[in-house]
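Below is one structure, written out as structure tokens, with a few remarks after it.
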Protein chains: 2
Amino acid sequence: MPINIVKIGGNVIDNEVKLEKFLVSFAQLKGNKVLVHGGGKIATQMAKNLGIETQMVQGRRITDAQMRDVVIMVYGGLVNKRIVASLQSMDCNAIGLSGADACVITAKKREVKEIDYGFVGDIDKVNDQFISSLLSQNIFPVFAPLTYDRKHGILNTNADTQASAIAEALAKSKGVNLIYCFEKKGVLTDINNEDSVIPILKRKLYEKYKLDGVIYEGMIPKIDNAFRALQNGVKKVIICEADDLQNAVVYGLSGTQIIL
Amino acid sequence: MPINIVKIGGNVIDNEVKLEKFLVSFAQLKGNKVLVHGGGKIATQMAKNLGIETQMVQGRRITDAQMRDVVIMVYGGLVNKRIVASLQSMDCNAIGLSGADACVITAKKREVKEIDYGFVGDIDKVNDQFISSLLSQNIFPVFAPLTYDRKHGILNTNADTQASAIAEALAKSKGVNLIYCFEKKGVLTDINNEDSVIPILKRKLYEKYKLDGVIYEGMIPKIDNAFRALQNGVKKVIICEADDLQNAVVYGLSGTQIIL
């Protein structure tokens, strides 16, 4: 049975009821699995409460030293441990990790070009052996979107990219599925119509939809990640609704499957 | 070689320079080791910044739901990951854990009697097998003072007690030392004189010093923990200065050794 690498997005994390429904669905997923969670708006709210201003450039958070402390607290502490405790209560033996823990995901601080993103990391290496060792003990890693750079310490990292990097690293020796979960039923041709899910998205169709402006903005890097993962040995990539994991992954009855 | 279970106190954690010196000393300690860190005043400061009032009763923090979020963020996030990243930069392969992670330390929420401590846990069970599995991979656990209760989630827990519980659990199958590190040179007969370290403290002398008021307040539960640990199979218990681990543990040249 392949290992399922599941990414859960910020919008679901921000909603307690939706998050709980997703976690039930994740806990029920049989076999080996890994969860990668995004950050959500809690970090922005926490920063605001602490009088720290959030700066976003092209949808990405600028992570200065103060903001890094906030994301370490919120992503690595509050969100990560809440998810772990909730999964444990569902008899899913989860362990929370940042990239620094057991040096499991190392990264390089992004070079300053036109924009100084601050303490933001681009992934260098995933220690798949350590992840495999946990899975062989039926312990399921839950990753916060934080990586580690020996020189700069902990770095804020995009959770979609982190999920695909983990999937690709494990795919070197094992069968791996990569599943992006979010609040929509899949990749839609009409963002306002949940019945417009594209069941199968091949490269050619994707290029057409991009040209036509049907697929745009945040969905593009996600799907680019998906194709790269497939090229690097991941068996199956699915984009689906958060509480519909069984149907999408096990039965192929919902969500969008990306195919090379 | 025995496993060294080292506890580092809040006063050292609050001081960046002292913390760094301690971590160098911990990283240099040869053989298997586990670190348990306290909380320090950062949680109190963070709560204040967030407009949450800290209530202390007999030196213990009352942990209501809001304060629990703060301690999860600060102890489990900020402090824990900072320590892990710092140790990694010293080539010490650390992994940060709360009790919920891999369900490694379970606890029961303290019963409400005269005082309602809120989300505070008394330790039930330590999963020594999981800790041993990490140590066998040369991965060194760094524990935040947080435990896990299936019914109530993550609980705030005294770090001294957590360190002795871990030491006692591992002592069932392995040789274990327990070392309490803090800002003083050891147990002193005169709190204002760092030259008054008691090199060896046996039960009889301890009882006398307690009666005479020489040993008092916070030192009493620490030493009581120490004696209980020795009774439960821990080989050696030492109370010493944070950056003097080598001298105290390896050479026996400093600190206070507690002997039954």
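The values are calculated or read from the model by the stated rules, or taken from the named source; none is laboratory data. Everything numeric in this text was worked out from a predicted model, so none of it was measured. Heads up, the Cβs are rebuilt from the backbone with ideal geometry, glycines too, and the neighbour counts pull from every protein chain shown.
Give the residue, chosen from A:V197, A:V142, A:V176, A:V187, that is within 12 Å of another protein chain (Cβ to nearest Cβ) and among the aliphatic types (A, V, I, L, M).
Only one candidate qualifies: A:V142.
Residues to consider are A:D122, A:D101, A:D128, A:D64; find the one that is acidic (D, E) and buried (at least 24 other Cβ atoms within 10 Å of the Cβ).
A:D101
Would you point out the residue of segment B:82-93, among those that are over 16 Å from the mean Cα position of the chain (by Cα) and either free of Cβ contacts under 8 Å to residues at least 60 places away in the same chain or outside any helix (DSSP H, G or I) (or both), that is nearest to B:A159 (Cα to Cα)?
Only one residue tops the list, namely B:R82.
Report yes if A:V84 is in contact with a His (Cβ under 8 Å, 6 or more places away or on another chain), within 19 Å of A:K30 (Cα to Cα), facing another protein chain (nearest Cβ under 9 Å) and not charged (D, E, K, R), otherwise no. Outline the logic, then answer.
Details: in contact with a His (Cβ under 8 Å, 6 or more places away or on another chain): no; within 19 Å of A:K30 (Cα to Cα): yes; facing another protein chain (nearest Cβ under 9 Å): yes; not charged (D, E, K, R): yes.
Here the answer is no, as A:V84 does not meet what is asked.
Test A:K184 against the criterion of being under 26 Å from A:R60 (Cβ atoms) and more than 21 Å from the chain's Cα centre (by Cα), and give yes or no.
It is false that A:K184 is under 26 Å from A:R60 (Cβ atoms) and more than 21 Å from the chain's Cα centre (by Cα).
Out of curiosity, is A:I72 in contact (Cβ under 8 Å) with a residue 60 or more places away in the chain, touching a strand residue (DSSP E or B) at 6+ places or on another chain (Cβ under 8 Å) and at the interface with chain B (Cβ under 8 Å from one of its Cβ atoms)?
Details: in contact (Cβ under 8 Å) with a residue 60 or more places away in the chain: yes; touching a strand residue (DSSP E or B) at 6+ places or on another chain (Cβ under 8 Å): yes; at the interface with chain B (Cβ under 8 Å from one of its Cβ atoms): yes.
Yes.
Would you check if A:F227 is among the aromatic types (F, W, Y) and either within 13 Å of the chain's Cα centre (by Cα) or within 29 Å of A:K81 (Cβ to Cβ) (or both)?
no
Can you tell me which residue is farthest from the other protein chains (Cβ to nearest Cβ) among those in segment A:94-113 that are under 20 Å from the mean Cα position of the chain (by Cα) and part of a loop (DSSP other than H, G, I, E, B)?
Among those that are under 20 Å from the mean Cα position of the chain (by Cα) and part of a loop (DSSP other than H, G, I, E, B), it is A:R110.
Quick grid of which residues meet (1) in contact with a helix residue (DSSP H, G or I) (Cβ under 6 Å, 6 or more places away or on another chain); (2) under 28 Å from B:F140 (Cβ atoms); (3) modelled with pLDDT of 95 or more:
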residue: A:R60; (1), (2), (3): no, no, no
residue: A:Q66; (1), (2), (3): no, no, yes
residue: A:V71; (1), (2), (3): yes, yes, yes
residue: A:P141; (1), (2), (3): yes, yes, yes
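So for segment B:125-132 (the condition being more than 10 Å from chain A (Cβ to nearest Cβ) and assigned to a strand (DSSP E or B)), does at least one residue qualify?
There is at least one residue in segment B:125-132 that is more than 10 Å from chain A (Cβ to nearest Cβ) and assigned to a strand (DSSP E or B).
Before we move on, is B:Y148 assigned to a strand (DSSP E or B) and more than 14 Å from every other protein chain (Cβ to nearest Cβ)?
Answer is no for this residue.
Would you point out which residue out of B:V249, B:V197, B:V214 is within 16 Å of B:V34 (Cα to Cα) and β-branched (V, I, T)?
B:V249
Identify the residue in segment B:201-260 that is among the small types (G, A, S) and over 16 Å from B:A171 (Cβ atoms) and, among all such residues, is surrounded by the fewest Cβ atoms within 10 Å (Cβ to Cβ).
B:G213
What's the number of the only condition in (1) on the phi < 0 side of the Ramachandran plot; (2) touching a strand residue (DSSP E or B) at 6+ places or on another chain (Cβ under 6 Å) that B:G186 fails to meet?
Unmet condition: (1).
Looking for whichever is surrounded by 16 or more Cβ atoms within 10 Å (Cβ to Cβ) and on the phi > 0 side of the Ramachandran plot here; the options are B:G77, B:G40. Which one fits?
So the residue among B:G77, B:G40 that is surrounded by 16 or more Cβ atoms within 10 Å (Cβ to Cβ) and on the phi > 0 side of the Ramachandran plot is B:G40.
Take A:K33 and tell me if it is crowded, with 16+ Cβ neighbours inside 10 Å and either touching a His at 6+ places or on another chain (Cβ under 8 Å) or under 21 Å from A:T157 (Cα atoms) (or both).
Answer is yes for this residue.
Considering only segment A:229-243, state which residues are under 14 Å from A:Q257 (Cα atoms) and in a helix (DSSP H, G or I). Break it down into steps so the answer makes sense when it comes.
So the first thing to find is which residues in segment A:229-243 are under 14 Å from A:Q257 (Cα atoms), and the list is A:229-230, A:234-241.
Once the filter is applied, which keeps residues that are under 14 Å from A:Q257 (Cα atoms) and in a helix (DSSP H, G or I), segment A:229-243 yields A:A229, A:L230.
Identify, by number, the condition in (1) under 24 Å from A:R82 (Cβ atoms); (2) facing chain A (nearest Cβ under 9 Å) that B:G118 doesn't meet.
Here B:G118 meets the rest and fails (2).
So, of the residues in segment A:33-56 that are part of a helix (DSSP H, G or I) and within 14 Å of chain B (Cβ to nearest Cβ), which turns out to be nearest to B:K48 (Cα to Cα)? Outline the logic, then answer.
Let us first name the residues in segment A:33-56 that are part of a helix (DSSP H, G or I), namely A:42-49.
When the remaining residues are screened for being within 14 Å of chain B (Cβ to nearest Cβ), the result is A:42-43, A:45-49.
Values: A:I42: 18, A:A43: 18, A:Q45: 16, A:M46: 13, A:A47: 14, A:K48: 14, A:N49: 11 Å.
Looking at residues that are part of a helix (DSSP H, G or I) and within 14 Å of chain B (Cβ to nearest Cβ), I get A:N49.
Does A:D116 fit the bill of being surrounded by fewer than 20 Cβ atoms within 10 Å (Cβ to Cβ) and in a loop (DSSP other than H, G, I, E, B)?
Answer is yes for this residue.
Report, ordered by the first and then the second residue, all pairs with beta carbons closer than 6 Å, sequence separation of six or more or different chains, a first member in segment B:217-231 that is under 14 Å from B:K202 (Cα atoms), and a second member that is hydrophobic (A, V, I, L, M, F, W, C) and at pLDDT below 95.
B:L230/B:L260
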